[in-house]
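Chemist: Structure provided below as C-alpha cells; questions to follow.
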Amino acid sequence: MFVEFIHDFSKILLATGRDVLPILLLITGFQLFVIRQPIPHLRRLLVGGVYVVIGLALFLAGLEKALFPLGKIMATQLSDPTFIYGAGEIPLQADWKAYGWVYLFGAMIGFATTIAEPSLIAVAQKANEVSAGAISTWGLRITVAIGVAFGISLGTFRIVTGTPLYLYILAGYLIVIAQTLMAPKGIIALAYDSGGVTTSTVTVPLVAALGLGLAATVPGRNPALDGFGLIAFASLFPIIAVMGYAQLMHYLSQRRKKIMENKNAL
Amino acid sequence: MITSVILKKLINALQDLLPIIVVIGFFQIVVLRQPLPQMGEVLFGALLVVAGLTLFVQGLEMGLFPIGEAMAQALARKGSLTWLLLFAFALGFSTTVAEPALIAVAAEAAEIASSGGLIHPDTQQQYAFGLRMSVAFSVGLAILIGVMRIIRGWPIHYLIISGYVIVMGMTTIAPEEIIGIAYDAGGVTTSTITVPLVAALGVGLASTIRGRSPLVDGFGLIAFASLLPMIFVMGYGLIIFN
C-alpha cells in the first residue's frame, strides 16, 4: 500500500509541477527579458511556490485516495433506480418526486466541496484583505457555497426532468442582470468572479460523476445531452447568492439608519 | 510557538473539510445504510488532504500572492501597455492549454460530436485539439480584456452583460450537442494555481494605477475567463459543423 501510494503521489506531484511549469517559464522570461530587475524576497517566494505545489499534490492525492471514490460510489448508489423506486417496477418516465435524496445530496455535496475549494479560499482571503475586513472570509465562502448548493440541486432536478439547460441559464442571466443594476457597486466584480472560482479541484470531479451517473440511470435521459450543465449551474448561482447577500446587508443597514433617524426625530 | 501556529493552521484546514466529512458520513450511514468501505484508507486520505490544504494556504500567502502582485506592479511601472497585455494573454493561454480538466472535456466533446454524426470519427483528435486551442486562446483573450478594463476603468457589468447576450444569441444557433459542454467549459478552465495568481495580478494592477479601487476594479479577471470560453466553444462548434 505504501509503495503504491508513493507511486501515486509522485505521479500527482509531477502533474502539478507540469501545471506550474508554464507559469514559471512565463514569469522567469518576463523577469529576465522585460522587467530586468531583481525580484524582492526571492527566496521566500520560491519557498512559498514549493509549498503550493507540494500542498496541492498532497491535497489531490488525499482526495483521490479517500473522497473521490467514496463520493462517486455514493452518487451512483443514490441515482440507482433500484434505490429510488425500490424493488418495484422501474417506470419508463422518471418521476421527479422520487429523487428527493438526490436533490438533497446534490445540495449538500455542493456546499461541502465548495467550502473546501482552495481557489475560493484564495479569493476570499484577497477580498478580505482588499476590503480592509469589510468582506469576511467565511461570510463570502458560506454565501458562495449556498449558491453552489442551490445550483447543483436545481441542476440535478433539471437532469431528472429533462428540461432544456438554456432556459435555466437564461433565467439565471436575467436575474444576474437585474441584480447588477441594483446591487452595491463594490461587490459586482467580486460576485462575477465567485462564479468562476467555485468549480475546480474538489467540486468538478464529484459533481461531474453525479451528473453523468444521473443521466445514465434516469429513465429517458441521454448522457450526451443531459449529463452536462451541473458545472454551469454551480458557476451561475454563486453570482446571484453573493449579490443577493450584499443587497440584503445594504438593505438592513439602510433600514437601521432610518430607524435611528426616526428615533432621533422623536 | 511554531507548533501552536502549525496547530492553528491544521485546525483551520480541518474546519474546511468538516462539511464533506459530515455529508458523506450522513448519507453513508443514514440514507444508504452501508458501512464505510476501507475505513483506514479513507482516514489516511483525509489526513493527506488536511496537510495538503494547510501547506497550500501557507504557500499562497508566501508565494503566489506576492508573485502576482510583484509582476503587476513591475509591469505597470514599466509603463509599456504592449508588454502588460502580452503578459496577460500568455498567462491565460499557457495555464489553460495544458490543463488536465480541459483535455478531458475536449476529448469527451469530440467523442460526443463523432457519435452524434457531427464530425467524421477520423477527425476526432483534430477536433479535440482545435477545441482545446480555442478555449486556451479565449482564456488568454479574457485575461487580456480584463487587464485592459482595469487600466481603462471600464465598468465590468457592461462587458459581462454583453457577454451574456452573446452567449444566449449563440445558444439559439449552436448545435444542441455542444451547448452543455460549452456552458461547462466556462467553469473548468480556471485551475487552482491560476486563480490566486490572476486575482493577485488584478488587485496588484488596480492598486498601482491611480484612480482605481482594488475592490471595484481589481476583481473580475476570473469572470471573463469563465465567460469567454463558452462563446468560443460554441463558435468553434458552429464553424466546424457548418
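The values are calculated or read from the model by the stated rules, or taken from the named source; none is laboratory data. Since the structure is predicted, the reported quantities are computational estimates derived from the model, not experimental observations. For neighbour counting, all protein chains shown are included, and Cβ atoms are generated from backbone atoms with ideal geometry for every residue, glycine included. Quick note on the areas: whole protein, heavy atoms, side chains included, nothing else; ligands and nucleic acids left out. Shrake-Rupley method; radii C 1.70, N 1.55, O 1.52, S 1.80 Å.
Chemist: Indicate the gyration tensor shape class of the range A:176-260 (rounded, prolate or oblate), computed on the Cα atoms with a ≥ b ≥ c the square roots of the eigenvalues: a/c under 1.5 is rounded; otherwise a/b larger than b/c is prolate and the rest oblate. Display every interim value, and only then the final one.
Modeler: On the way: a/c = 3.42, a/b = 2.82, b/c = 1.21.
Prolate, because a/c is 1.5 or more and a/b exceeds b/c.
Chemist: Longer than 25 Å from Cα to Cα, which of A:K185/A:K257; A:K72/A:K97; A:K126/A:K185; A:K185/A:K258 are they? Say none if no pair is.
Modeler: Numbers: A:K185/A:K257 20 Å; A:K72/A:K97 23 Å; A:K126/A:K185 18 Å; A:K185/A:K258 21 Å.
From the list (A:K185/A:K257; A:K72/A:K97; A:K126/A:K185; A:K185/A:K258), the Cα-Cα distance tops 25 Å for no pair.
Chemist: If you don't mind, another one. How many nm is it between the label spots at A:E4 and A:T163, if each spot is 7 Å from the Cα in line with the beta carbon?
Modeler: Distance between label points: 4.5 nm.
Chemist: Take peptide A:66-77, look around each residue's Cβ out to 10 angstrom, count Cβ atoms belonging to other protein chains, and average those counts.
Modeler: On the way: counts 14, 8, 1, 5, 10, 4, 0, 4, 7, 1, 0, 5.
Averaged over the peptide's residues, the number is 5.
Chemist: Determine, from the Cβ-Cβ distance of B:W83 and A:F83 and an R0 of 41 Å, the FRET efficiency 1/(1 + (r/R0)^6), rounded to the nearest 0.05.
Modeler: Working: r = 58 Å, r/R0 = 1.41.
E(calc), rounded to 0.05, equals 0.10.
Chemist: Then there's this: How long is the range B:113-242 along each principal axis, judged by its Cα atoms, biggest number first, in Å?
Modeler: So the three principal-axis extents are 54, 29, 17 Å.
Chemist: Another question, if that's okay. At 1.4 Å probe size, with no ligands or nucleic acids counted, give the accessible surface of A:H7 in Å², nearest ten.
Modeler: 110 Å²
Chemist: All other residues with a Cβ under 15 Å from the Cβ of A:Y103 taken together, and with Lys, Arg as +1 and Asp, Glu as -1, what is their net charge? Present the calculation step by step, with values, prior to reporting the outcome.
Modeler: Working: positive: A:K97, A:R158; negative: A:D95.
After counting each charged neighbour, the total is +1.
Chemist: Here's another thing I want to ask about it. Would you kindly derive the ³J(HN,Hα) couplings of the range B:21-35 from the backbone phi angles with the Karplus curve 6.51 cos²θ - 1.76 cosθ + 1.60 (θ = phi - 60°), listing them in order in whole Hz, with x for Gly and Pro?
Modeler: So the Karplus estimates, Gly and Pro as x, are 4, 5, 4, 5, x, 4, 5, 5, 8, 8, 8, 7, 6, 10, x Hz.
Chemist: Could you bin all the Cα-Cα distances of the range A:87-188 into 10 Å bins starting at 0 and give me the percent of pairs in each, rounded to whole numbers?
Modeler: That works out to 14, 31, 33, 15, 5, 2, in percent per bin.
Chemist: Counting only protein heavy atoms and a 1.4 Å probe, tell me what percentage of the range A:79-265's accessible area is made up of carbon and sulfur. Please list the in-between numbers first.
Modeler: Details: 4980 of 7440 Å².
Of the solvent-accessible surface of the range A:79-265, carbon and sulfur hold 67 percent.
Chemist: Using +1 at the Cβ of each Lys and Arg and -1 at the Cβ of each Asp and Glu in the range B:79-219, identify which of B:S80, B:A110, B:V135 lies farthest towards the dipole's positive end.
Modeler: Comparing the listed Cα positions along the dipole, B:S80 ranks first.
Chemist: If a paramagnetic tag sat 7 Å from the Cα of A:M182 along the Cα-Cβ line, which residues of the range A:231-266 would have the backbone N under 18 Å from that point?
Modeler: From the range A:231-266, the list is A:237-256.
Chemist: Roughly how large, in nm² to one decimal, is the mean projection of the convex hull of the alpha-carbon atoms in the protein assembly as shown?
Modeler: Values: hull surface 111.6 nm².
That works out to 27.9 nm².
Chemist: P(r) for the range B:47-181, please, calculated from all Cα pair distances in 10 Å bins and given in %.
Modeler: 10, 25, 31, 23, 10, 0
Chemist: Next question. Excluding B:T208 itself, calculate the net charge of residues whose Cβ lies under 12 Å from the Cβ of B:T208, where each Lys or Arg counts +1 and each Asp or Glu counts -1. Each step should come with its number before you reach the end.
Modeler: Working: positive: B:R77, B:K78, B:R210, B:R212; negative: B:E69, B:D217.
Summing Lys and Arg as +1 and Asp and Glu as -1 gives +2.
Chemist: Averaged per residue, what accessible surface does the protein assembly as shown expose to a 1.4 Å probe, in Å²?
Modeler: Working: 21990 Å² over 508 residues.
Ligands and nucleic acids excluded, the figure is 43 Å² per residue.
Chemist: Can you classify the range A:79-265 as rounded, prolate or oblate using the Cα gyration tensor, where a ≥ b ≥ c are the square roots of its eigenvalues, rounded means a/c under 1.5, and otherwise it's prolate if a/b beats b/c and oblate if not? Intermediate results must be reported in sequence, preceding the final value.
Modeler: Values: a/c = 2.52, a/b = 2.03, b/c = 1.24.
Prolate, since a/c reaches 1.5 and a/b exceeds b/c.
Chemist: Here's another thing I want to ask about it. Where is the GNM fluctuation largest for chain B (alpha-carbon springs, 10 angstrom cutoff): B:I11, B:I119, B:I143?
Modeler: Among B:I11, B:I119, B:I143, the largest mean-square fluctuation in the Gaussian network model of chain B belongs to B:I11.
Chemist: Now for a different question. Helix check for chain A. Which DSSP H runs span at least 24 Å along their own axis by Cα, with a mean Kyte-Doolittle hydropathy no less than 1.6?
Modeler: A:42-62, A:165-182
Chemist: Counting only helical runs of four or more DSSP H residues, what would the 222 nm mean residue ellipticity of chain B come to if each run contributes -39,500 (n - 2.57) and the total is spread over all its residues?
Modeler: Using -39500 (n - 2.57) per qualifying helix, the result is -27000 deg cm²/dmol.
Chemist: Can I ask one more? Give me the net charge for the shell around A:T143: Cβ to Cβ below 15 angstrom, other residues only, Lys and Arg +1, Asp and Glu -1.
Modeler: Once positives and negatives cancel, what remains is -1.
Chemist: Note the direction-averaged projected area, equal to a quarter of the hull surface, for the Cα convex hull of chain B, in nm². Please report the intermediate quantities before stating the final value.
Modeler: Working: hull surface 71.4 nm².
Orientation-averaged projected area of the Cα hull: 17.9 nm².
Chemist: Now a separate question. Roughly how much accessible area, to the nearest 100 Å², goes out of reach of solvent when B and A pair up, both sides summed, probe 1.4 Å?
Modeler: Details: alone 13970 and 16240 Å², together 21990 Å².
About 8200 Å² of accessible surface is lost on pairing.
Chemist: Convert 10 °C to kelvin, take the viscosity as 1.306 mPa s, use the Kirkwood radius over C-alpha pairs of the range A:1-66 as Rh, and evaluate the Stokes-Einstein diffusion coefficient in µm²/s, rounded to a whole number.
Modeler: Working: Rh = 13.5 Å.
The calculation lands on 118 µm²/s.
Chemist: For the residue pair B:R33 and B:L238, what label-to-label distance in nm results when each label sits 7 Å from Cα along the Cα-to-beta-carbon direction?
Modeler: Result: 5.4 nm between the two label points.
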